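Taking it in order: structure first as structure tokens, then the write-up.
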Amino acid sequence: MLNCRDVTEHASDYLDKTLPLGQRLKLRLHLFMCIHCRRYLKQLRVAIDLIRQSEPRPVSTQQAETIAAKILSDSSRDAR
């Protein structure tokens, strides 16, 4: 039987319906018994639905450069 960590690792494949039948059945058995993983899967579904519904907004070159600089500075700070 799968544990909670296994469920989080395979949740997106499960929702995308790309998980093999045997794994899907094991995951469903775990979901039947684990309210925490059922909640996690529900939250993941909601997040995916919100992302799919959102409209992309155009970003200026200046905004893109600011975002990239922020990501790079955060990455270098985390590497320390």
Test of understanding: among LEU19, LEU41, which residue is open to solvent by less than 50 Å² (accessible area, probe 1.4 Å), modelled with pLDDT of 95 or more and not in a helix (DSSP H, G or I)?
LEU19
Answer yes or no as to whether MET33 is open to solvent by 100 Å² or more (accessible area, probe 1.4 Å) and in contact with a Lys or Arg (Cβ under 8 Å, 6 or more places away or on another chain).
no
Could you check the range 44-69 and list, in sequence order, the residues that are out of contact with any helix residue (DSSP H, G or I) (no Cβ under 8 Å at 6 or more places or on another chain), charged (D, E, K, R), under 30 Å from ASN3 (Cα atoms) and open to solvent by 100 Å² or more (accessible area, probe 1.4 Å)?
ARG52
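The values are calculated or read from the model by the stated rules, or taken from the named source; none is laboratory data. Keep in mind that what you see is a predicted model, and the values were worked out from it rather than measured. Reconstructed Cβ throughout: ideal geometry from the backbone, glycine too, with neighbour counts over all protein chains shown. Remember, those area values only see protein heavy atoms, side chains included, never the ligands or the DNA or RNA. Shrake-Rupley method; radii C 1.70, N 1.55, O 1.52, S 1.80 Å.
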